[in-house]
Structure formats: C-alpha cells, structure tokens
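Structure first, commentary second.
The values are calculated or read from the model by the stated rules, or taken from the named source; none is laboratory data. Note that this is a predicted model, so its numbers are computed, not measured. FYI the Cβ positions are ideal-geometry reconstructions off the backbone, even for glycines, and counts take in every protein chain you see.
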Amino acid sequence: MNKKMSSSVQRVRDALAAAGLDNEVRELLVSTRSALEAATAVGCQVRQIVKSLAMKGVHSKEMFMVLVNGSDRLSLERIALLVEEEVAMADAGSVRAQTGFAIGGVPPLGHLEPLKIFIDEKLMAHDVIWAAAGSPNTLFHLSPEELLRITGGTMASVTED
C-alpha cells in the first residue's frame, strides 16, 4: 500500500526492530481481522495464524494475553488453572487502553503496558507463523522460536483437545 503506515503499525515495526527482527510487515488491501481472513490473505493454513486473545482475571482484573493458532479454541479451564483464578475475555476498551491496539489487529508485542503472555504449545509445530501487526489488515511472519523470544511468553497447553 502506498498510504502512510499507521502509528500502531509503526509501533509494531519498531518493536520488531528493537527485538532484532527485520521481518516484513505486510499491509494488505483486505481484512485480516479473523484467522480465516488472515490465512487467505497470505496463503497459509489457518493454524499458522497467531490469535492474540486478551484475557482478564475475574477477581484480580489483571490482563494477560494468550497466543493460540487460528484453528484452535481456547480452554478457559486450562487458562484458569495457569493463572489460579477464573478468567474472562477482556473488553475492547481495556484491550485498547493496555495494549494500544484495537481488537482485530492486536500483535503479540509492542504493547503500551507489559502483559504476561502464554503461548500455546501447538504453535511450535510450524516453521512459519503469522501474527497481527497493529491494524486489521496487517500481518508479519516469524518462527515460533522468534515468537517465544520476543514475547518472553510461557509455553503451555491452553487449547481444547
């Protein structure tokens, strides 16, 4: 695209560079808001798309992020065991306030406030995965090992079987 890249997308590019990655951020003419749309846009399998799911502890109100592949469903019970409290999806306003990104384009890095991150172990099965890059039509590719390194995430089994 020729138009100026948004500040959210630039923040992701800057975070990637700060992490030592020069991975291309693709700004597309189509939506990448859903995992299926994203996979279609870049020509990969849905399970190679990283879904960034913002969650909150029901009692603590602490927000954290769970990264899972695009074809799996998150297990709230498994997440609750990890964080030792009942959990729920974070609302859009809280996500924007803590990460600086709108739902549909939340990347795994570059957040305004640091978040604890859990990465589903099934993402490690791929050579290349794709993550949101700050807007609902941008993505970047990386390896699962790079995802683990740049997020400081904790590997866990967090999806339904």
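Only one of the numbered conditions (1) more than 17 Å from Arg47 (Cα to Cα); (2) in a strand (DSSP E or B) is not met by Ala131, and that is (1). Taking region 1-103 and the helices (runs of 4 or more DSSP H) fully enclosed by it, the elements with 2 or more residues that are free of Cβ contacts under 8 Å to residues at least 12 places away in the same chain and within 23 Å of Ser157 (Cβ to Cβ) are at 76-83. Taken together, Asp120, Asp72, Asp91 contain a single residue that is at pLDDT 95 or above, surrounded by 22 or more Cβ atoms within 10 Å (Cβ to Cβ) and of a type in the set (Asp, Glu), which is Asp120. If only residues of region 126-139 that are touching a residue at least 40 places away in the same chain (Cβ under 8 Å) and more than 17 Å from Leu16 (Cβ to Cβ) are counted, the one that is surrounded by the fewest Cβ atoms within 10 Å (Cβ to Cβ) is His126.
State all residues of region 34-55 that are surrounded by fewer than 19 Cβ atoms within 10 Å (Cβ to Cβ) and hydroxyl-bearing (Ser, Thr, Tyr); if no residue qualifies, say none. Ser34, Thr40 - these are the residues of region 34-55 that are surrounded by fewer than 19 Cβ atoms within 10 Å (Cβ to Cβ) and hydroxyl-bearing (Ser, Thr, Tyr).
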